[in-house]
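Before any comments, here is the structure.
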Amino acid sequence: MTPQLKKRLVHLVAYPAFFNAAFIALFFLLFPYDALKDRLQSEARKQGIELTIDAIGPVLFGIEAQGVELHLFKSAAGKALPAPVRIQSLKLLPHLFPMGAHISAQVLGGQLDASIQATQPKRLKLRAAGLQLMHLPPEALGNLVLDGELSLLADLSLDEQDFAKTEGRLALLGTQMLLRRGSIQGFTLPRVDLGRIELDLDLAEGKTLLKTARITGVDIVTELNGDIRQARKLAPSTLNVGLRFQPSQDFLSRNPLITAALSMAAKKAHDGFYEAALKGSLGSPSFQKRTPGGR
């Protein structure tokens with residue numbers, strides 16, 4: 001390479017690259033992070049969420065917040081304020097092509113990574129591992145108290161106006177799952193060792209197909225099949241799901257009331273499984289008795 005060519009490359013490449021890098025570095029160093037923190041807290045408050053952030057500052061090509069707490073749940077009259085969801089660290093790395101952002105968070109004792117593309121419809125890719133349910137506020141799961149570890153995988157094309165047009169894949173894996181207590185439709189649930197929970201959903205053409213949906217636990221084994229007809233909103237989506245489950249004999253002996261309820265609510269097949277159907281909507285599901293082997 002001749003000296004003239006080297007000099008030309010320095011002028012055409014090196015200098016512009018240096019000044020662009022310096023500009024970006026100064027932008028992130030001089031950015032008004034305190035004003036950003038105040039704005040984020042203000043916007044969250046408009047959505048009914050109390051947000052606190054211990055510190056916010058720059059990382060390479062992005063922003064990092066530490067000590068984030070989200071107060072998502074309201075306190076009942078006369079009761080203490082529910083515990084917040086705590087996020088140890090949260091990184092936001094914007095990108096331009098395509099327009100969107102990458103989010104990385106240490107939350108619930110695990111790691112969550114997501115990328116969001118601001119296209120129409122929006123594209124969401126999410127991967128989470130090691131999420132510990134014991135770190136969730138009790139109010140997060142309604143009337144259920146669960147322990148265990150969750151992993152999540154999602155690749156979705158989201159239509160915010162019409163859920164029926166949302167397509168993609170959503171998968172969940174839960175291990176060492178334990179229902180400590182809870183209630184469903186006024187029925188008190190006992191302690192249940194659920195073991196392993198697997199869920200793999202395929203969303204396409206206005207329908208969510210249950211490719212895999214099963215529970216393999218010490219106290220119960222459950223299989224679900226069928227689909228969910230997606231509506232414009234999530235809650236009214238229609239269930240068309242078959243349910244097969246087999247409680248262990250030890251579990252039934254510890255819970256005689258459940259044994260009596262099963263004799264009225266479901267039929268037992270020759271293989272020892274009870275069968276029922278889930279109908280209604282996601283917002284208000286109902287169990288229906290079904291003849292073993294029937295549809």
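Quick note: the coordinates plus some simple rules give every number you see, no bench work behind them. Nothing here was measured: the structure is a model prediction, and the numbers come from that model. Cβ sites come from the backbone with ideal geometry, for glycine too, and all protein chains shown count toward neighbours.
The table below gives the values:
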item	result
Ratio of the Cα radius of gyration of the range 136-224 to 2.2 N^0.38 Å, where N counts its residues	1.24
Long-range Cα-Cα pairs in the range 168-295 (distance over 25 Å), rounded percent	27 percent
Given LYS233/LYS267; LYS125/LYS289; LYS91/LYS122, the pairs whose alpha carbons are separated by over 28 Å	LYS233/LYS267; LYS125/LYS289
Positive-pole candidate from GLY186, THR238, THR216, dipole of the range 171-239, charges at beta carbon	GLY186
Charge tally in the Cβ shell below 11 Å around GLN117, where Lys, Arg are +1 and Asp, Glu are -1, GLN117 excluded	+3
Simple Cβ-charge dipole of the range 158-244, Lys/Arg +1 and Asp/Glu -1, about Cα centre, in debye nearest 20	320 debye
At R0 = 25 Å, FRET efficiency that the Cβ-Cβ distance of THR175 and PHE61 yields, to 0.05	0.10
Positive-end residue, the range 106-234 charge dipole about Cα centroid, Cβ charges, pick of SER151, PRO121, MET134	PRO121
Formal net charge of residues neighbouring ALA213 (Cβ-Cβ distance under 11 Å; K, R +1; D, E -1)	-1
Residues PHE187, PHE251, sorted so that the one with the fewest Cβ neighbours within 10 Å comes first	PHE187, PHE251
Packing-based ranking, highest mean first, of 105-114, 229-238 given that Cβ atoms within 10 Å are counted	105-114, 229-238
